[in-house]
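Scroll down for the structure; my scribbles are underneath it.
Just so it is clear, none of the values below were taken in a lab; they were calculated from the coordinates. On a predicted model such as this, the values are computed, not experimentally measured, just so you know. Don't worry about glycine lacking a Cβ; one is built from the backbone with ideal geometry, like all the others, and counts go over all protein chains shown.
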Amino acid sequence: MSTVAVYSLKGGVGKSTVAVNLAYRAATASTRRTLLWDIDAQGAAGFLLNQDKAGRDAHKIFSRDADARHLTVSTGYARLSLLAADNSLRQLDVQLIEAEARKRLRKVLRALQDDYDRIILDCPPGLTETSEQIFRAVELIVVPIPPSPLAIGAYHDVAAHLARRQRHEGPEILPVLSMVDMRRKLHREALEAHPDWHWIPQASVVERMAVERAPLATFAPRCAATQAFAGLWTDIEQRLQAIEARSS
């Protein structure tokens, strides 16, 4: 099993859109048993997969001796399951600190390793106890970045933070320019400055995910954004296979 965190220092950067589409690609293109774990209290990933039933149970995943498998649900797509978020996760940092459970998230992932080949985490924004646990537990961190100097600077701050805190080989970090509008000079300049970064175009069809409540490829398989997500996942899958080969 390999784990991928989709993380950003701030919200509103297309993080959940990226997480949902990558999880769908993992389950379909790579035919991996895939779990999308939404840890963001807003529950956007569940909404986009039409699985947003109100509840107060998500925090129980982090309770001692809890079995996360009992809270997973089918998404209706082959090989793709969901651990949904709800408002109970708003106090997750407090819960983890008060319980002195600095390795709780890693323990949950290990308990799921026999059931899934790939786990995609839709992470809450910010540098918190939850994000620190995520950084320690995953193999790869995907960071969606709006094409602006401020957002790119924030990404480099996160990358530097990860480099400082790692006492041994830590997770790989993969920046992805998100919501790119080629009509805007600033966005074109960001692409020119980072030609080796993946990028996702800004498009109304991507925003339509919130209406269709489905992965982009299911209703717009030929659009440029769908192809961009396909290329991004292909790169991620190759990286995960290389990581698995090194650790075997």
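Eigenvalues of the alpha-carbon gyration tensor of segment 60-107, scaled by 5 and square-rooted, set the equivalent ellipsoid semi-axes at 24, 12, 8 angstrom, largest first.
Here, segment 133-226 yields an orientationally averaged convex hull projection of 7.6 nm² when only Cα atoms define the hull. Of all DSSP beta bridges confined to the chain, the antiparallel ones make up roughly 5%. Per residue, the chain reaches -12500 deg cm²/dmol at 222 nm when only DSSP H runs of four or more residues are counted, each adding -39500 (n - 2.57).
For residue 181 and residue 73, the FRET efficiency from 1/(1 + (r/R0)^6), where r spans their Cβ atoms and R0 equals 30 Å, is about 0.30. In this calculation the C-beta distance from residue 230 to residue 98 is compared with R0 = 30 Å, giving a FRET efficiency of 0.10.
What's the whole-number percent of alpha carbon pairs in the chain lying beyond 31 angstrom?
When all Cα pairs of the chain are counted, 18 percent exceed 31 Å.
Of the trypsin sites (Lys or Arg not before Pro) found in segment 92-141, those in coil by DSSP whose Cβ has at most 14 other Cβ atoms within 10 Å are 102, 103. Between residue 114 and residue 132, the contour length at 0.36 nm per residue exceeds the Cα-Cα span by 4.1 nm.
The percentage of C-alpha pairs in segment 198-248 whose separation is greater than 15 Å is 53%. Working from Cα pairs under 8 Å separated by at least six residues, relative contact order for segment 1-98 is 31 percent.
Relative to the Cα centre, the charge distribution of the chain, modelled as +1 at Lys and Arg Cβ and -1 at Asp and Glu Cβ, gives a dipole magnitude of about 80 debye. Close amide H pairs (under 5 Å, H built 1.01 Å from N) link residue 142 with 5, 6, 7, 174, residues at least 5 positions away or on another chain. Loop-located GluC sites (Glu not before Pro) across segment 120-216 with a Cβ neighbour count of 16 or fewer within 10 Å are 169, with loop assigned by DSSP.
Kirkwood radius, segment 1-141, all distinct C-alpha pairs, inverse of mean reciprocal distance: 14.7 Å. Measuring nothing but how far apart in sequence close Cα pairs (under 8 Å, 6+ apart) lie, relative to its length, segment 2-241 scores a relative contact order of 27 percent. What you get for segment 1-73, charging only the Cβ of Lys and Arg (+1) and of Asp and Glu (-1), is a dipole of about 120 debye around the Cα centre.
With the cut-off at under 18 Å, measuring from each backbone N in segment 140-162 to a point 7 Å along the Cα-to-Cβ line of residue 191 picks out 144-149, 152.
Between the residues 155, 63, 187, the greatest Cα displacement towards the positive end of the dipole of segment 2-241, with unit charges on the Cβ of Lys, Arg, Asp and Glu, is found for 63.
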